[in-house]
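Following: one structure in structure tokens, then a few remarks.
Values in this text are rule-based calculations from the coordinates and carry no lab data. In this text, all values refer to a predicted model and were calculated from it rather than measured experimentally. Glycine also receives a Cβ, built like all others from the backbone with ideal geometry; neighbour counts cover every protein chain displayed.
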Amino acid sequence: MNELPIITILTLLPLAGGVIALALGRNNRAWARHAAIGFGGLALVIAVGMWLGYDAASGELGFEERHAWVPSLNIEYRVAADGLGVLMLVLTALVTLMAIVASGDFWKRVEDTAAAGSGYGSPLYYALILFLQAGLFGTFTALNFFHWFIFWELSLVPAFFLIRLWGGFQRSEAATQFFVYTMVGSIALLLSFLALFLSTGEFDFTRLAELGRKGELIPALAAKLGWFDLTTQQLGALIFCGALLGFAVKVPLLPFHTWLPATYTEAPTPVTMLLTGVMSKMGVYGFVRILLPIFGGVMHWQTVRTILLGLAAATVVFSACAAFAQKDLKRILAYSSINHLGYCLLAVFAVATYQADVQAPAVEKASALNGVLLQMFNHGLTAATLFWFVGLIEKRSGGLRGLEDFGGLRKIAPVFCGLMGIAWFSSLGLPGLNGFVGEFLIFRGAFALAPWAAAFSVLGLLVTAIFILTILQRVFNGPLNEKWSAWPDLTVRERVFAAIPIALMFVLGVYPQLVLGVVNETVVGMVERMGF
Amino acid sequence: MTPWIVKNLWLIPALPALAAGVSALLPRRQRTLSAGLAIGSVGISLLLALCAFANALGQPVEAKQYFNFAWFEFAAGDAGVLKLGWVLDPLTAVMLVMVTFVGLLIFIYSVGYMAHDENFTRFFTFLSLFAGAMLGVVIANSLLLLFICWELVGLTSYLLIGFWYHKPSAAAAAKKAFITTRIGDVALLLGMVWLYSETGTLLFYDNGGGCLEQNALAALVTRATSLGMTVSTAIALLIFTGAVGKSGQVPLHVWLPDAMEGPTPVSALIHAATMVAAGVFLVARTFPIFGSTVESLVADGAAPVSGALQVVTWIGAITAVFAASIAVAQNDIKRILAYSTVSQLGYMMMGLGVGGVAVGMFHLITHAFFKALLFMGAGSVIHGCHEEQDIRRMGGLRKYMPVTFATYAIGMLALAGFPLFFSGFWSKDEILHAAHGWPASHIPFYLGMIGAFLTAFYMTRQVAAVFFGSYRGGTHHGEKARESEAHGGHAPHESPAVMTWPLIVLAVCAIGLSVIGTPWWPWFQEFLGKHHEAGEGGGVVGLMLFSSVIVFLGLGVGWWLYGRRPWQRADEPDALEVARGDIFSLLRNKYYIDEIYELTVIRFNAWWARVCDLLDRWLWGGVVQLVSYAVVGLSWVNRMFDEYVVNLGFDQGCKRLTLGGKMFSRLQSGQAQTYLRIIGAGLVVLVILLIRGSRGG
């Protein structure tokens, strides 16, 4: 379709960057870092170029590449990006670049003291981040389960090592928990797709979605896998649960979230930015791109849908309450991340409803899904920025990040508190900043489609406000804690760094059409195709 | 052809907002520039608002001029375009002039009041932002735009209450204000999305397609919810919950008195004149949703009072009396006024409920002027008494601060509803008159009368304590007095002209506004449309006499208790305390509402958060851990079974068993590769099972 295999280039670029960073080795730390920044920047430029070049008016898949790979098994290399894909690519590139640049600031806990001293860090670290980025690019563009799954898993390995090697004191346990947990989900996912493959002979997402839409998928499963005398419905639910688990762990959906607080807390700050900013979106992306089109026929079953909506609403409210109970800023943010992505899941599950149920659900469905996409981008931006700020707090205080360790910082660091305050309010969903529009669209759609779950979930908005204002009260306001009377305000470099995401928060808050203009037609197409 | 002013109405909020943006980037020392920007922008907004007002005057009643534009697209087709817009109608016009005019005066006053504050620049930044957001609320032609500005207003309120953030009490009050109003806002959000999904638009007026226009209303009133009420009632109640939060109505009133931690100009502007009235304005704006019933719209018969309006009336009436009674026993000059504001907001709500938009809005406008006057007067008093706020340590200020006294007295008489010459009398009387004719119940009318008595009473108490008798501040040996002596001031002093002139202007308004809304020339009511004709002329005069008697009674009792023999010393017990200590202490402690909330809601919230946390650590975490162990164990057993029983001889099996045992013991060592190996094996087994299963079937 396109002469230039732009997606393949984009995916290979960070891999090459990683290899170059490794090749530069320990003797060229500065160059390794510069190379990483360069490659990260280049990826961002390409991603933004794709954003601009994408034919948003059609909403169809663009930049498609398709090559036969293992014809006998119906496996082909097929990548493409539509509005959703392009959005995720830009987010990935943006957050990765932020993480790479920010990495220069956070070398407190690196055991390799030489690396710490130089301020550049280890080439391996940058290589791993770039590898991770390659995995993410691949995940967000692959349309054949076979290599999609390879990318999905590949992104896990660098993340594991990044946490394991450069994390906090409990990094070993956290990394293992993270890895095993995600792995279990992935295996369940793999099994489900193997079952689908066995019964339909398809790995291609588009064709599987077609079968799902026609209602042929589950009967095909039943025909091929007359498994332990399960009824067709039970079998469908079982296979769906397997796939669900894979994504539910990644997002996460309650009760599969217990790995997250530990992991986010122990990972080094830039890696946490990546985890929350992009890796958590892999799960939501999976829900929107894979689960909803393929398993929509299962998700709208009354029982399944009720359970899923209940879990999503519980995710929203429980995680917000759990965040309120935390004393560690990073843990609070971790729970807050669960909460924010819970809204996405609420919307996704609300969308899985019969067309005939409500009078004009297409608008509501599109609203909810557009809200999900916007929320994904906004949360990635805001959460990454907030983790960066917490990282700065940690750096300035020598490792402290407790809610009670500070107080009155506004007095000596007004710029720091002002800018971080903006990020907090963005997370709170204040209108005028980016968080609001996504949440509004989600509730606008979800309330019409699933009123009780949505009504219960608004409690999450309230509790979020409570814990965020508590943070502001304890950390920024009140009398100055004398211990920190020499607290430095943001340096010029840090101000420049912070200005970019914060400016984006304002821009997207005032002009959300910037994102919606690119994704809307894609979403409308998705809703149209959801004929179940 | 849209007139210029309608098309460019957005400039009115945009100018102060822009000033805030510029001012936010100014360095701290640019004091004059930031104050100049703020005052200049609001001044121009005032001029534009007057243009808008003139334009609205020239229009027929019920005329709505609006301008809508697309904000973003979120679905296919026309229904998927989210539109915002602004509207110019009498309601907007009146509010625009009030907000810009009072705002301008308070901005000027702030130059004097905040002169010595090191964060002067930031103060004006926040004030300008507030003005922009508040004016946005006023002009919005879309519930969504209104909500956006509504939240921004809440943000600036938060920032300004916590302006002296180093004071823990201010930081706590700011948080309390934001969260309490957020409770209402969440309900409002729900109401908004509900309205959106029912009517398909959030625009108020859109050439017949808006949510406040006939078609949408007819759909709303005929559809029933699962709870037995109509959709319009349910949505109206959710919107009203938002108004309850913002306007400090019972039971969400607790934040407003605490909000007095902010600088006094903030209390005057945000927590008396404008923002807290936004709730009343919201109800007035969306009044068609509240007031419509099947009978009024579809059946065209004699309409009963809608359920939503009954709730509005009752909440308002209860709040009016409840808050007025608390004000009786407070000693902080600003807190008395704060409870008075809560009470008066209750009157406004009641006015909306019993008499419609014009009745409630008239009181909103007159109240804005005289309450801003009272707060600024209180600020002048506090300023003159060296940051003293306790009325027991004031006294005799009439001699020291004549201008403040004279203007304050006018404000007080207006608030108390002193007959004939003061605006408060007319607007309050209008409400009582409407309440008298309310078909649903007479109790709100009596509650309103009790409230009127209490209002006259507590204001007399306050004025007697502050301005009459002798000055008690200097003789007191408390910490605050020592502080004030350390500052070098002994006697109170009159405030500078920059502070007294706004007082004089407002005092003139507090009297002058009487003329626009008397029963004999109800210009205001007619301007806002639908003048409420409940009774005959004779009834009006009779009621007026009755309410005048009530007011005189309140003034008289107040004077008899507090004015006849003023406090001699600051630590003397209150006259009411001597008479009825139990009641007094109940009132002094605000019916212990804060304590009750502390014990119930807040404790529950903390407890619940703990539960969530514990569930997280032990239940979800534990279950998941158990499951993972079970899976790992099972797959291990499976593998052992396959390899040991099926494939291998006994010796090798033993070896494997030993190995397996070791592996098991290492399970918790946290080594990923171990887990992985086991999981990999499990995976193989499961795949085999899967294939076998499929063949078997």
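Details
- Helix B:672-696 and the longest principal axis of the Cα set of chain B meet at an angle near 70°.
- Pairs of lysines in region A:315-532 (C-alpha under 30 Å apart; 8 or more residues apart or interchain): 9
- With a 10 Å cut-off around each Cβ of A:516-523, the average count of Cβ atoms from other chains is 3.
- Global form of region B:239-281, assessed from the alpha-carbon gyration tensor, a/c cut-off 1.5: oblate
- Relative packing of peptides A:515-524, B:200-209, A:6-15 - highest average C-beta neighbours within 10 Å first: A:515-524, A:6-15, B:200-209
- Across chain B, the volume of the C-alpha convex hull divided among the residues equals 225 Å³ per residue.
- The dipole here belongs to chain B: it is taken about the Cα centre, uses +1 on the Cβ of Lys and Arg and -1 on the Cβ of Asp and Glu, and is about 1800 debye.
- Principal-axis tilt of helix B:443-467 within chain B, Cα atoms, nearest 10 degrees: 70 degrees
- Per-selection metrics, the protein assembly as shown (Cα): Rg and Dmax in Å: 33.1, 113
- Taking other residues whose beta carbon is less than 13 angstrom from the beta carbon of B:Thr404, and scoring Lys, Arg as +1 and Asp, Glu as -1, yields +1.
- Formal net charge of residues neighbouring B:Arg617 (Cβ-Cβ distance under 12 Å; K, R +1; D, E -1): 0
- Computed from Cα positions, the angle between helix B:120-139 and the longest principal axis of chain B comes to roughly 90 degrees.
- Among the residues of B:150-159, the average count of other protein chain beta-carbon atoms within 10 Å of the residue beta-carbon is 2.
- With N counted as the residues of region A:315-532, its alpha-carbon radius of gyration over 2.2 N^0.38 Å works out to 1.11.
- Among A:126-136, A:147-157, B:565-575, B:33-43, sorting by the average number of other beta carbon atoms lying within 10 angstrom of each residue, highest first, gives A:126-136, B:33-43, A:147-157, B:565-575.
- Each of A:Phe295, A:Leu369, A:Ala383 was placed along the dipole of region A:289-383 (beta-carbon charges, centred on the mean Cα), and the one lying farthest toward the positive end is A:Ala383.
- Along each principal axis, taking the top coordinate minus the bottom one, the Cα set of region B:163-280 gives 52, 32, 18 Å in descending order.
- Above-threshold pairs, the threshold being 21 Å between Cα atoms, out of B:Lys64/B:Lys371; B:Lys175/B:Lys246; B:Lys246/B:Lys334: B:Lys64/B:Lys371
- Karplus-derived HN-Hα couplings along region B:592-605 (A = 6.51, B = -1.76, C = 1.60, θ = phi - 60°), whole Hz, x at Gly and Pro: 6, 4, 4, 5, 5, 5, 4, 6, 9, 4, 5, 5, 4, 4
- Rg(Cα)/(2.2 N^0.38 Å) for chain A, N = residue count: 0.94
- Note on A:460-473: average number of Cβ atoms from other chains within 10 Å of each residue's Cβ is 5.
- Listed residues A:Ile332, A:Leu245, B:Gln344: farthest to the positive end of the dipole of the protein assembly as shown (Cβ charges): A:Ile332
- Amide hydrogen neighbours beyond the local backbone of B:Thr518, cut-off 5 Å, H modeled: B:Trp523
- Mean residue ellipticity at 222 nm, helices only, chain B: -21500 deg cm²/dmol; runs of at least 4 DSSP H residues each add -39,500 (n - 2.57), and the sum is divided by the number of residues.
- Computed over chain A, the per-residue total of -39500 (n - 2.57) for DSSP H runs of n ≥ 4 gives a 222 nm mean residue ellipticity of -24000 deg cm²/dmol, rounded to 500.
- Kirkwood Rh, angstrom, region A:132-173 [1 / mean 1/r, Cα pairs]: 10.9 Å
- Amide H partners (placed H, <5 Å) of A:Ile75, local residues excluded: A:Trp69, A:Val70
- Given charges at beta-carbon only (K, R positive; D, E negative), |dipole| of region A:315-532 in Debye: 560 debye
- Of all lysines in the structure, the ones whose alpha carbon falls short of 18 Å from that of A:Lys281, not counting any fewer than 8 places away in one chain, are A:Lys250.
- Cα centre as origin, Lys/Arg/Asp/Glu Cβ charges: chain A dipole, Debye: 1180 debye
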